[in-house]
Amino acid sequence: MQQKGMRRRALAAAFPYTIPIFAGFWFLGMTYGIYMNVSGFGFWYPMLMSLTIFGGSLEFVAVSMLLAPFAPLQTFLMALMIQARHLFYGIAMLEKYKNTGWKRFYLIFGLCDETFSINCAAQIPPDIDRGWFMFFVTLLDQIYWVSGSTIGGLVGSLFTFNTEGLDFVMTAMFTVIFLEQWRKEKKHYTALIGIGASVVCLLIFGPDSFLVPTMAVILGLLTIFRKPVERAGGLI
Amino acid sequence: MSAVQQVITIGVCVFATMLTRFLPFFIFSEKRPTPRYIQYLGHALPAAIFGMLVIYCLKNVSLLSGSHGLPELLAILVTAAMHLWKRQMLLSIAAGTVCYMLLVQMVF
């Protein structure tokens, strides 16, 4: 009984945080499903891929992989490069995902950009069970993504809606979370390192391959400037 | 591509994704204390990552052609201003998104 009440309160606390993700995931998920549909794949493709991969950018790229000649090694390396940023999410969530029992497996499985953002930045009230809160954030996000891409795959391009620009909801969400982090830091070394490294690498390597070099530069700078960053304090 | 090859291709994507998600947790197990350096990274990374994610969302914006990134810039300014003013996450996100949609659908 008590367990049930605790779960319900965690769900109620988690849901509001996921509303922007609902908007973004339904829009992007449907776009993805429609893209697969018009590329000649049945709805079970986007549905199963969203269930098992649960990573938007790779799922989009996977469509062209499925249409190209079979090249498993190339697919593997490409997928690793696109998904490498999860390594950072894992390191950042090592402490937070501790002592969450069986839920830990699912939390790690579902660690996409948006789930990471909420679970990393949310101020979970002390009377709410942390494990269940993060579990519901992950579960709701995946439900939004899978249902969106399945609907897109079912209706295909029959469905027209003037939602141009709705994908900006993700940019706005990351901007807000970035601002919140900015406010928490006393000095802004790490935030500036993140922005600076990304912009410089984007200019040098271009939009399709700047993430891995960006991560390497961030890691290098955080290592070199460990002393001043730690002394500045205010890290979450 | 045959059905089996499709299954393998999707399976490889799943495997690569899960490798990147599970690896840190495998290397730094719950049972042993996490090395100091990794703990430091865990605390220092989030702000850098969110900076990276904002740029990642904007990676296809072209400053030299089209609308020169103006709708993105304006919508981000609206999002930030709204957030500094009201500090309501949902409100800031909604304001920025609606602003961006109006700009790309009606102005640019």
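Of the residues A:Met134, A:Met173, which is aliphatic (A, V, I, L, M), in contact with an Asp or Glu (Cβ under 8 Å, 6 or more places away or on another chain) and either without any contact (Cβ under 8 Å) to a residue 60 or more places away in the chain or in a helix (DSSP H, G or I) (or both)?
Numbers: A:Met134 fails: in contact with an Asp or Glu (Cβ under 8 Å, 6 or more places away or on another chain).
Just a single option satisfies the conditions, and that option is A:Met173.
When A:Gly90, A:Gly165, A:Gly131, A:Gly110 are screened for being modelled with pLDDT of 95 or more, facing chain B (nearest Cβ under 7 Å) and in contact with a helix residue (DSSP H, G or I) (Cβ under 7 Å, 6 or more places away or on another chain), only A:Gly90 passes. Being in the same structural domain as A:Ala79 (by TED's automatic domain parsing), surrounded by fewer than 17 Cβ atoms within 10 Å (Cβ to Cβ) and more than 22 Å from the chain's Cα centre (by Cα) is a description that applies to A:Val155.
State all residues of the range A:212-229 that are more than 7 Å from every other protein chain (Cβ to nearest Cβ) and in a helix (DSSP H, G or I); if no residue qualifies, say none. Quick ask: steps written out before the conclusion?
Our first condition is that a residue be more than 7 Å from every other protein chain (Cβ to nearest Cβ); within the range A:212-229, this holds for A:212-213, A:215-217, A:219-221, A:223-225, A:227-228.
Selection gives A:Val212, A:Pro213, A:Met215, A:Ala216, A:Val217, A:Leu219, A:Gly220, A:Leu221, A:Thr223, A:Ile224, A:Lys227, A:Pro228.
For the range A:17-45, filtered to residues that are within 11 Å of another protein chain (Cβ to nearest Cβ) and more than 17 Å from the chain's Cα centre (by Cα), the residue that is surrounded by the fewest Cβ atoms within 10 Å (Cβ to Cβ) is A:Phe41. Exactly one residue among A:Phe54, A:Phe70, A:Phe43, A:Phe25 is in contact with a Ser or Thr (Cβ under 9 Å, 6 or more places away or on another chain), in contact (Cβ under 8 Å) with a residue 24 or more places away in the chain, aromatic (Phe, Trp, Tyr) and more than 30 Å from A:Ile128 (Cα to Cα), and that residue is A:Phe43. Within the range A:192-200, is even one residue in contact with a Gly (Cβ under 8 Å, 6 or more places away or on another chain), facing chain B (nearest Cβ under 9 Å) and within 24 Å of B:Cys99 (Cβ to Cβ)? Yes; the residues of the range A:192-200 include at least one that is in contact with a Gly (Cβ under 8 Å, 6 or more places away or on another chain), facing chain B (nearest Cβ under 9 Å) and within 24 Å of B:Cys99 (Cβ to Cβ).
Any residue that is free of Cβ contacts under 8 Å to residues at least 40 places away in the same chain, under 23 Å from A:Leu58 (Cα atoms) and surrounded by fewer than 15 Cβ atoms within 10 Å (Cβ to Cβ) - is there at least one of those in the range A:179-186?
No, the conditions are met nowhere in the range A:179-186.
When each of A:Ile118, A:Ile177 is tested for being closer than 25 Å to B:Val98 by Cβ and within 8 Å of chain B (Cβ to nearest Cβ), the lone residue that passes is A:Ile177. The condition (being within 23 Å of A:Ala79 (Cα to Cα) and not assigned by TED's automatic domain parsing to the domain that holds A:Tyr32) is satisfied by just one residue among A:Leu192, A:Leu211, A:Leu179: A:Leu211. For the criterion of being closer than 26 Å to A:Tyr106 by Cβ and more than 8 Å from chain B (Cβ to nearest Cβ), A:Gly153 passes. Among the residues of the range B:52-74, those identified as exposed (fewer than 13 other Cβ atoms within 10 Å of the Cβ) and within 11 Å of chain A (Cβ to nearest Cβ) are B:Asn60, B:Ser62, B:Leu63.
Right, A:Met49: of a type in the set (A, V, I, L, M), within 20 Å of A:Asp167 (Cα to Cα) and touching a residue at least 40 places away in the same chain (Cβ under 8 Å) or not? When the stated conditions are applied, A:Met49 does not pass them.
The values are calculated or read from the model by the stated rules, or taken from the named source; none is laboratory data. Fair warning: this is a prediction, and the values are worked out from it, not measured in the lab. We place every Cβ from the backbone using ideal geometry, glycine too, and count neighbours over all the protein chains shown.
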